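Worksheet: the structure to be examined is printed underneath.
Coordinate-derived values only; no laboratory data. Small disclaimer: the values here were computed from a predicted structure and weren't measured.
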Amino acid sequence: MKSPNAGLRFAAVAAAFLMLAACSSTDSTEGANTSPSSSSTIAPGTQEDLVANVGDRVFFDTDKSSLSDEARATLQRQAAWMELYPNLTFTLEGHADERGTRE
């Protein structure tokens with residue numbers, strides 16, 4: 001039986017991932033498999049599992065404040081994955097850069 005707060009928890013996780021989404025140039029690959037391991041050797045519920053099977057990053061397009069359909073799909077997969085492993089601790093990071101300045 002689902003907890004009465006399951007919907008609220010899902011919404012909170014989704015909101016947290018939206019805050020996590022970072023600004024990036026459009027040449028990056030969303031949710032790319034950056035792990036050299038194959039999914040058959042990755043333990044379920046590990047960071048490697050998230051990277052290989054779900055995608056660990058969500059990006060905004062340059063000069064945009066809304067997510068693409070692909071980014072939203074990745075975000076939904078991340079939230080569903082987090083629901084599968086409620087005992088894990090997650091660290092969410094968000095990064096932004098200032099355009100038009102010297103770096």
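A few remarks follow.
- Whole-Hz ³J(HN,Hα) from phi, Karplus 6.51 cos²θ - 1.76 cosθ + 1.60, for region 82-96, glycine and proline x: 5, 5, 5, 10, x, 8, 7, 9, 10, 10, 9, 10, x, 10, 9
- For F60, the residues 5 or more places off, or on other chains, whose built amide H falls under 5 Å of its own are A22, C23, S24.
- Phi-derived couplings, Karplus 6.51 cos²θ - 1.76 cosθ + 1.60 at θ = phi - 60°, listed residue by residue for region 62-74: 4, 6, 10, 10, 10, 8, 6, 4, 5, 5, 5, 5, 4 Hz, with x used for Gly and Pro.
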